[in-house]
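All remarks here apply to the structure that follows.
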Ligand code: OAD
Ligand code: ZN
């Protein structure tokens, strides 16, 4: 519709106006739903609604560290379903990769644990996995670290009653992937990198040099949800999402842009606006 067209035109204009303008992405589960990975909070299709079959006391319990200690089964079931390796990046992931190819990517802050940013070819230096990943594990008691396979190999179970839970060889407690559960700290890289990026955004000359694109997230989980709020007022923000959320709703700024719709659709239209459609098509088909 009209508002989306206006947002696409305006963002395209801003990106072309300053040929060196760099982009910071802040993304969530919505950019991966088209890959076949459900998000968490969408009313019909979200994971939290469909976790009922796991007999959870409340949906978020699946990522709750105290609940996990009592009953790790639901997390194992979820991990088996979502484990990286069987999904392909979306058009939006490849759209972000284009910014790297064009030397215009500053950072991607992602809440996702699907590692599709890396699978799309984006280099590790640009990616901040705010909620961790499956690449390594730790013991929930003594914190001893374990390689990826210690958990992954246990996902081979046939029925939920036959799961052989991964345990620490030192203290026999449960081990879990280094995915951030409610009640756990975010990785130091999240705080360190944001401190750096924020300093850059606050610099006098940064106003036209940086653009923040928030996409596919309900901005419901802190501290991630406070990133858009912390973006200095002179930096342009755009929200690409099916619904209005978080800081964009509660403290709307005059300069904010909103694309209300699917992230892949926005990627397609923005790529056309930038003259990048052929490049995007090529990346998606490779
Ligand atoms: P949510 O499920 O909370 O929000 C996804 C948002 O994306 C919603 O606003 C949807 O409307 C929107 N959306 C879905 N599909 C879309 C599409 N194709 N195009 C555009 N928008 C779309 O997911 P997150 O915000 O990522 O924690 O959730 C944050 C954290 O909560 C997750 O990282 C997870 C969860 O607890 C952990 O995994 C530790
Ligand atoms: Zn231990």
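Values in this text are rule-based calculations from the coordinates and carry no lab data. On a predicted model such as this, the values are computed, not experimentally measured, just so you know. Because the Cβ atoms are built from the backbone with ideal geometry, glycine has one as well, and the counts that use them run over all protein chains shown.
So, R0 is 30 Å and r is the distance between the beta-carbons of residue 188 and residue 17; what FRET efficiency does that work out to, to 0.05?
The calculated FRET efficiency here is 0.25.
Between the stretch 61-105 and the stretch 203-227, what is the separation of their alpha carbon centroids in Å?
20 Å
Classify the stretch 185-269 from the C-alpha gyration tensor, please: rounded if a/c falls under 1.5, else prolate or oblate depending on whether a/b exceeds b/c.
It is oblate, given that a/c is not under 1.5 and a/b is not larger than b/c.
Quick one: work out the % antiparallel among DSSP beta bridges in the stretch 104-175, nearest 5.
Antiparallel: roughly 60 percent of the beta bridges in the stretch 104-175.
Mean separation of Cα pairs under 8 Å and 6+ residues apart, divided by the residue count of the stretch 10-145: what relative contact order is that in percent?
Relative contact order here is 25 percent.
Could you calculate the contour length gain from residue 53 to residue 65, that is, 0.36 nm times the residue separation minus the distance between their Cα atoms, to one decimal place in nm?
Value of the extension gain: 2.3 nm.
Rounded to the nearest 5, what % of DSSP beta bridges with both residues in the stretch 149-286 are antiparallel?
Expressed as a percentage, antiparallel bridges in the stretch 149-286 total about 10.
Taking every pair of Cα atoms in the stretch 167-208, average 1/r, invert it to obtain the Kirkwood radius, and report Rg/Rh to two decimals.
1.33
Report the Cα centroid-to-centroid distance between the stretch 15-34 and the stretch 150-166 in angstrom, as an integer.
Spelled out, the Cα-based centre of one part sits 37 Å from the other.
What are the equivalent ellipsoid semi-axes of the stretch 142-190, built from the alpha-carbon gyration tensor (square roots of five times its eigenvalues), in whole angstrom, biggest first?
22, 14, 10
Restricting attention to the alpha-carbon atoms of the stretch 186-226, what are Rg (one decimal) and Dmax (integer), both in Å?
Spelled out, the Cα radius of gyration and Dmax of the stretch 186-226 are 12.1, 32 Å.
Based on the alpha carbons, how large is the Rg to Rh ratio for the stretch 36-89 when Rh follows Kirkwood?
My calculation of the ratio gives 0.98.
Listed highest first by mean packing, meaning other Cβ atoms within 10 Å per residue, what order do 276-282, 214-220 come in?
Ranking, from highest mean packing down: 214-220, 276-282.
To check you understand DSSP bridge types, tell me what percent of the beta bridges within the chain (both residues inside) are antiparallel, rounded to 5.
25 percent
Tell me, in nm to one decimal, what length is gained between residue 244 and residue 145 on full extension, where the rule is 0.36 nm per residue of separation less the Cα-Cα distance?
31.7 nm
Using 0.36 nm per residue, how much length does the chain from residue 203 to residue 252 gain when fully extended, once their Cα-Cα distance is taken away?
My answer for the length gained is 15.4 nm.
Hull surface divided by four, with the convex hull built on the Cα atoms of the stretch 31-157: how many nm²?
One quarter of the hull surface, i.e. the mean projection, equals 8.8 nm².
Rg and Dmax in Å for the stretch 77-117, alpha carbons only: what are they?
Every Cα atom of the stretch 77-117 included, Rg and Dmax give 12.4, 40 Å.
Averaging sequence separations of C-alpha pairs under 8 Å and six or more residues apart, then dividing by the length of the chain, give the relative contact order as a whole percent.
Relative CO of the chain lands at 23 percent.
Over the stretch 120-206, what is the relative contact order in percent, taking alpha-carbon pairs closer than 8 angstrom and at least six residues apart?
RCO, the stretch 120-206: 33 percent.
Stokes-Einstein at 20 °C, 1.002 mPa s, Kirkwood radius from Cα pairs: D for the chain in µm² s⁻¹?
Using the Kirkwood radius from Cα pairs, D works out to 107 µm²/s.
Sorted by average packing, counted as other Cβ atoms within 10 angstrom per residue and highest first, what order do 240-249, 199-208 take?
So the order, starting with the most tightly packed, is 240-249, 199-208.
With N denoting the number of residues in the stretch 115-174, provide Rg(C-alpha) divided by 2.2 N^0.38 Å, to two decimal places.
1.39
Please find, in a Gaussian network model of the chain (springs between Cα atoms separated by less than 10 Å), the residue of 67, 94, 151 whose mean-square fluctuation is greatest.
The residue with the greatest mean-square fluctuation here is 67.
Can you give the log10 of the normalised intensity I(q)/I(0) at q = 0.11, 0.15, 0.17, 0.24 Å⁻¹, computed with Debye over equal Cα scatterers of the stretch 124-219?
-0.50, -0.76, -0.88, -1.28
Over its Cα atoms, what ratio of radius of gyration to 2.2 N^0.38 Å does the stretch 215-264 give?
Normalised by 2.2 N^0.38 Å, the Cα Rg of the stretch 215-264 equals 1.06.
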